[in-house]
Structure formats: structure tokens, C-alpha cells
Amino acid sequence: MSKQSNFKGRVYLGYALAETYDAAEGANAGVYFEIPLFSRKRQLEAARARLALSRTEEQLKKAFLGDVEKMRELEAARMEAVEMAGFYKDRLAYFEQAVKEGRVESDSLWEDARLAKKAEYDAKQGIVKVDAAIEEAARRYGGYEWKILQDLLAEIVK
């Protein structure tokens, strides 16, 4: 844009009574036009519009990828909660067997039962959070095709 040319063309039309070729000095009547040559005003406006569009698209991509990263983190937290729920259930079953055999006091089961229940609750909440994040992003970025985007995001995240 900075290399735009400033060439201009001038056209003199006139009628002179004296014998002169300079229309500006000897004309009784005349018309003067100045026409810019090689004007790239439309090209410059289009370049500015493309630049603004490119910046907007880049910001949109960054926001979308940030949302996908957030969804993946939520899914990882959910998977961790699922694993911990399984671990605490196994641990609870082990200690229940130990209580039946008389090796451990039954009071120690309460803490493991609480941890197993909490991990199970966290896993269920994880599903809700992941699904909500997927739907929110799909509606924000998908337009009329948000359901298709929702299915694609679910496949990416899970």
C-alpha cells in the first residue's frame, strides 16, 4: 500500500487567440482536468478488508482451539474420576472382605466408602461438564450446523 503511485495526468482544453501553445496563459476559454492515473483506491480498500478478515479469522481459530483444549482437560478430569471411582470401589471391596475375615475394624470402611462415592459423583459431574462445554462451543462456532459440529467435537474430545 505504501508503494502506491501518485501519477496524475493533466488535460488542457482551450482556445487561444495568440500564437502560443500554452493553454493556461493564452486561452480565452478553457477547461482543465486532472485525472489520477493508476489509482488503486479499491485495491487498497480490499487489502485492508482482507487484512481485517484475516485477523478476525485468526482470533476465532485461537478461541476455538482454546475451547477444544478446555474440553479435553474436562474429559481428562472425568476419566481420572472414573479411574479413581473404580480404584476406591476395589479398595472398599478389599476392606469389606478384610472386615468379614476379622483382620480390620469396620469403622475404617467409612472413609473408603466416602471416597468411592465422591469419585463416582465426580465422574458423573464430569460427563455433565464435558457435554455442556461441547454443546456451548458447537452453538457458538457452528452456526446453523451446530449439531454436526457437536458430534465432531464429541468425537475429538472423547
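Any read-out appearing in this document is the output of simple, stated calculations on the displayed coordinates, not a laboratory observation. Just so it is clear, the model here is predicted, and its values are computed rather than measured.
Every Cα-Cα pair of the stretch 35-141 was included, and the share exceeding 17 Å stands at 70 percent.
Checked against a 23 Å cut-off, the cross-linked pairs K41/K62; K117/K147; K70/K124; K41/K61; K61/K124 give Cα-Cα distances beyond that limit for K41/K62; K117/K147; K41/K61; K61/K124. Extension gain, I127 to E155: 0.36 nm times the residue separation minus the Cα-Cα distance gives 8.7 nm.
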